[in-house]
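See structure below.
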Amino acid sequence: MKKLPIELTINGRAHELLVSPKETLLNVLRERFHLTGAKYGCGIGECGACTVLLDGLPVLSCQLLAVMCNGKKVVTIEGLSPQEAAAHPMQDSFVEEGAVQCGFCTPGMVISATALVEEKSEPTTEDIKVALRGNLCRCTGYENIIRAVKTGARKMKEV
Amino acid sequence: MKKEFQFLGKDFPRKEGRARANGFEKYPSDLYFDNMLYGRILRSPYPHARIKSIDFSEAEKLGAVCVSYEDAPGKRFNLRLVSVPKATYKDWQLFSDHMRQVGDFFGAVAAETEELAEQAARVVKVEWEILPAYMSMDAALAAKDNLIHDKVFLEDQEIKIKNNIACTREVVEGDIEAGFQEADVIVETEFETPRQYHCQLEPRSCVVRPEADGGITVWPTTQAVHNTRILIGSVFNLPLNKVNVVRITGGGHFGSGIHTNPVTLITTALALKSKRPVKIVQSREEDMYDHVRYPSKYVLKVGARKDGTLVAGHMRAYIDIGCHHIQALAYLGVMSGFWHSLYRMENMKYEGTAVYTNKVPTCAMQGYGAPQVTFGVEGTMDMLAEKLEIDPIQLRIKNYVGLGEVFWGQGPTVKSPIFSDGVVELLKKGAESIGYYKRPGSQKQTGRYRRGIGFARGFHTSGTGAPVPGEVKDYTTVQVKVNEDGTIDILTALMDHGGGTLDAAAKIVAEEFQVPFDKVGISPADTRSTGYDVCTHATRGVYCGAGAAHEVAKKTKDVLLEYAARYLDAYPDSLIFSYDEKSGQTRISVWGNPEKTTTIAAVAEHAMNKDWGTAIYSKSIRKVACPPAYTNYFVEVEVDTETGHVKILRVVAGSDAGTVINPILAKGQLHGGFYRGAGMALLENTSYDDKTGCLTNKGSMIDYKMLGIDEMPDPDDFEVIFADTYEPTGPMGAKGIGEAAFNPAPAAVTSAICDAIGIRFTKLPILPEDIMDALGEGHDK
Ligand code: FES
Ligand code: FES
């Protein structure tokens, strides 16, 4: 199958790529850049483990063809923090609130959570439940995740 | 009673947290190596079939490396090696031409890209002979020929299989005939629990890299690196020093990694044949055909005297184990043991039968047999309480197995006395907090939405240690060393599944040395650099694993004390460790001589410069007890009588884990345990299309159905109470928590539903349509 040229900005760096029309954004990130923070949990849009930001909005990267992302900006969990050395306040909050167990859902959760707080700086429990409904976590029972998002929102205000 | 600690009992951010939250933690599916091939497993589309011929020529034309039963060593084995050989049934082969379930594997291909591997897998031609499939225990038990297995091996003894019965087990104490004679009241009920799927977020995966010395390095999704190595060595005839299995974080296990996953062996076969690194990441659908919790169906008969004393019990269980043994014998054993240890009963008889069917092989999932058994036993206790008109909590308090009694941790061969017990405290506090005695009950409610409060209690063993050897292996090897700057490294093959096991080990060692938590590190581990550790299962992580780290740390400390004594010119027994919060330094001082004082760092450095050596120690530690970690849940639900929907409003969890190492992580165990347990009660199950043998959820997580974030109670409505106990045999008073956090949850939710609508369900999951049927609302199925 013929490969197609695309431009993709990943975590602030511009790349020119040749991709096959069937290649998903998740595959490009993982297989080519080894940005493995976006996880494969199902591949069919059910678990949210592959969530990344596309032009600032959370998307399921397993459900997007790379060609559809031509000219767009992708931020993965590895590039979420604006400062290289420090973690994003949402990442810190997840650790502090005990919201990280096996951690496999965590990157996707954190991405979805920051996108929520960008939109709504003081999310209620209800807001969080709606925003994170598409991110499955099998470990935590979600309780500490809800706490972490609230703490993260507070911290994001401070910085 | 709790002791005062410097670090234990306080919330600490976990060590692995940062890497995981920042996206840098590597899981098996995240590994990439130069020259790596991608593998795809060849699977049966039929539930029961034999392969007449297989043709790889088209796949080979695409450049694929192919393996199948034709080049596999015929050896039989069991994937799960935690039991001793004489209690291990072997019915697995690396590949076989006999397909026993949809998704069974007969070969695999590897190619340069995933896409090519997929293509190659698609062009493999197979000629099939379809056999009759047994999709229910009744059908399987009625079969005379075309059995799922004709013969299996118990250790090395050949066993002929009849009627698809995989194994049976009987456990008897006292005399039940005589016992039931004494009973004033008898309750006999059939209970059934579902085939719950682990649904760990990372599908089981593996990467294997051949090494220049002829050996291999393996990165599997496993809970047991050493058992994985031993199995690979034996299946492929490789010396163990040529098989290095690396401990790598897994994206959740919940028991699905106690046994070596078939994908690990299949990836190894491809890597050995291709002589290149090979990676296989199973799809979610493949993962669903890979492992599932043991379901249970049993009739439980219990007799009690008027005063509530239990006198006799009889449990007859049939377990649909699917198409292979992943230690069903052990499962039958633990069912009897968990039952035996819930309530005192002088006369009991357990009869268990494990039946092969053409379904996904069943294995341990959080709680092993305890949630299944606790569901029926707690339901029975509620029914007895009603009949006897005794308060259900009092009936439990009267009969539970507690302090000073003998506890069966993991079936009849793992027994030890109970030294700590927070049951009464937790039941009282839980009842008080949720308002158990103020509940209206089903009789007084008439509206559409009815509320109910229920509870259940249970426990899990902390590990499978005991004073005498039993059917299960249990020990952990640890090395603790003090570095030249006073920091400490712990080296062990012990695994963390996300609950914080290794973190707990580090914290306990920090407490022992009185050094701050961030000065204790966990070294990367693999089977080459570590001694044997059986597996992180059976809630043994903290009690046995971190317990071993504690015992070894004390020995390392003895070495350090020798050096410090020499350095300070004093006797080792007079030295005191103390943590000085201001300077962040750990001081070693001679009592009564305040001027004679130094730091751990100074001693370690001095010992190196004087060539005294490193303070280091390594040892295998076996625990000689298996204390019960008790748990109870009080739950408030609201049942919508027009839709049958159940909403969980409030949870009060009570946990007797002894000393709580890191409360924030321990609470997380209870949140998660309850979530999966409530899921088992309300919706989780895997069912099959009888004609095709396929899962009806078609490998979809959404169709499998789990509770979502919006179906869990708000964080403020989930209270956790820890018992004020100290386990004298545990590391600094700690015992387990993990599986205990699950076990009573399904029973508690069921009891709350009963309180709301007056209907006691005996089969899980309790779906909305079941509730509507039971309410007699004429729901169409
Ligand atoms: S991997 Fe994309 S939603 Fe599951
Ligand atoms: S922490 Fe394991 S899936 Fe969320």
- Task: Return the loop-located trypsin sites (Lys or Arg not before Pro) in region B:396-457 (DSSP other than H, G, I, E, B) with at most 13 other Cβ atoms within 10 Å of their own Cβ; answer none if there are none.
- Result: B:R448
- Item | Most fluctuating residue given options A:T51, A:T114, A:T24, as computed from a GNM of chain A linking Cα atoms under 10 Å | A:T24
- Item | Projected label distance in nm at B:D518 and A:K73, using a 7 Å step from Cα toward the beta-carbon | 3.2 nm
- Task: Please give the FRET efficiency for B:K26 paired with B:E188, using the beta carbon to beta carbon distance and R0 = 45 Å, rounded to the nearest 0.05.
- Result: 0.30
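Based on the inverse mean of 1/r over its pairs of different Cα atoms, what is the Kirkwood hydrodynamic radius of chain B, in Å?
Working: mean 1/r = 0.0364 Å⁻¹.
Here the Kirkwood hydrodynamic radius works out to 27.4 Å.
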- Whole-Hz ³J(HN,Hα) from phi, Karplus 6.51 cos²θ - 1.76 cosθ + 1.60, for region B:327-343, glycine and proline x: 6, 5, 4, 5, 4, 4, x, 6, 4, 5, x, 5, 5, 4, 8, 6, 9
- Would you be so kind as to identify which of A:T114, A:A99, A:C137 lies farthest towards the positive end of the dipole of region A:89-158, taking Lys and Arg as +1 and Asp and Glu as -1 on Cβ and the Cα centre as origin? A:C137
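Out of region B:1-65, which GluC sites (Glu not before Pro) are coil in DSSP terms and have no more than 13 other C-beta atoms within 10 Å? Working shown, then result.
On the way: sites: B:E4, B:E16, B:E25, B:E58, B:E60; in loops: B:E4, B:E16, B:E25.
For GluC sites (Glu not before Pro) across region B:1-65 that sit outside H, G, I, E and B with at most 13 neighbouring Cβ atoms in 10 Å, the list reads B:E4.
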- Under 5 Å from the placed amide H of A:V19, counting only residues 5+ away or on other chains, we find A:L4, A:I6
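Quote the charge dipole size of region A:27-159 about the Cα centre in Debye, to the nearest 20; the model charges only the Cβ of Lys and Arg (+1) and of Asp and Glu (-1).
Working: 14 positive and 15 negative charges, 46 e Å.
For region A:27-159, the charge dipole is close to 220 debye.
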- Query: Which aspartates and glutamates, on any chain, are close to B:K473 with Cα under 18 Å apart, when same-chain ones fewer than 8 places away are left out?
  - Reply: B:E155, B:D533
- Message: Please report the net charge: other residues with Cβ closer than 15 Å to the Cβ of B:A117, K and R +1, D and E -1.
- Response: 0
- Quick one: which residues, 5+ away or cross-chain, put their amide H under 5 Å from the amide H of B:G658? H built at 1.01 Å from N. B:T725, B:K735
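Could you work out the relative contact order of chain A? I mean the mean sequence separation of Cα pairs under 8 Å and 6+ apart, divided by the number of residues, in percent. Could you put the intermediate results ahead of the total?
Working: 282 pairs, mean separation 36.7, N = 159.
Contact order relative to length: 23 percent.
Under 8 Å for C-alpha pairs, at least 6 residues apart: give me the relative contact order for region A:89-158, rounded to a whole percent. Please list the in-between numbers first.
Details: 76 pairs, mean separation 37.9, N = 70.
Value for region A:89-158: 54 percent.
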- Report the one residue of B:P220, B:Q181, B:C167 whose Cα lies farthest in the direction of the positive end of the charge dipole of region B:166-252 (charges on C-beta: Lys and Arg +1, Asp and Glu -1; origin at the Cα centre). B:P220
- Taking R0 as 35 Å, what's the FRET efficiency between B:E211 and B:D558 from their Cβ-Cβ distance, rounded to 0.05? 0.40
- Note on the structure: With the dipole of chain B defined by +1 on each Lys or Arg Cβ and -1 on each Asp or Glu Cβ, the option from B:S68, B:Y579, B:A653 whose Cα lies farthest towards the positive pole is B:S68
- Message: What's the magnitude of the charge dipole for region A:4-79 around its Cα centre, counting Lys and Arg as +1 and Asp and Glu as -1 at the beta-carbon? Answer in Debye, nearest 20.
- Response: 60 debye
- B:K705: which lysines have alpha carbons under 21 Å from its alpha carbon, excluding same-chain residues fewer than 8 sequence positions away? A:K39, A:K129, B:K359, B:K647, B:K763, B:K781
- Message: Less than 15 Å Cβ to Cβ from B:P572, Lys/Arg counted +1 and Asp/Glu -1: what total charge do the surrounding residues give?
- Response: +1
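Tally Lys and Arg at +1 and Asp and Glu at -1 over the other residues with C-beta under 13 Å from the C-beta of B:A506: what net charge comes out?
Details: positive: B:R14, B:K15, B:K507, B:K519; negative: B:E16, B:D489, B:D496, B:D503, B:E511, B:E512, B:D518.
Around B:A506, the surrounding residues sum to -3.
Take every Cα pair under 8 Å in region A:4-79 that's 6+ residues apart, average their separations, divide by the length, and report that relative contact order as a whole percent. Can you show the working numbers first?
Working: 148 pairs, mean separation 30.2, N = 76.
The normalised contact order for region A:4-79 reaches 40 percent.
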- Item | Approximate spin-label separation B:L154-B:E405, in nm, with each point projected 7 Å along Cα-to-Cβ | 3.1 nm
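At a Förster distance of 41 Å, what's the computed FRET efficiency of B:W612 paired with B:A19, Cβ-Cβ distance as r, to 0.05? Spell out each step's value before the answer.
Details: r = 36 Å, r/R0 = 0.87.
After rounding to 0.05, the efficiency reads 0.70.
Starting from 0.36 nm per residue, how many nanometres of slack lie between B:R344 and B:E173 once their C-alpha separation is accounted for?
On the way: separation 171, 0.36 × 171 = 61.56 nm, distance 1.13 nm.
Fully extending the segment from B:R344 to B:E173 adds 60.4 nm.
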- Task: Treat each spin label as a single point 7 Å out from the Cα along the C-beta direction, and report the B:D690 to B:Q394 distance in nm.
- Result: 4.8 nm
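What size of dipole, in debye to the nearest 20, comes out for the protein assembly as shown about its Cα centre when the only charges are +1 on Lys and Arg C-beta atoms and -1 on Asp and Glu C-beta atoms? Intermediate results must be reported in sequence, preceding the final value.
Working: 105 positive and 119 negative charges, 204 e Å.
Its charge dipole is roughly 980 debye.
Any read-out appearing in this document is the output of simple, stated calculations on the displayed coordinates, not a laboratory observation. Owing to the predicted nature of the structure, the values given are computational and were not obtained by experimental measurement. Glycine also receives a Cβ, built like all others from the backbone with ideal geometry; neighbour counts cover every protein chain displayed.
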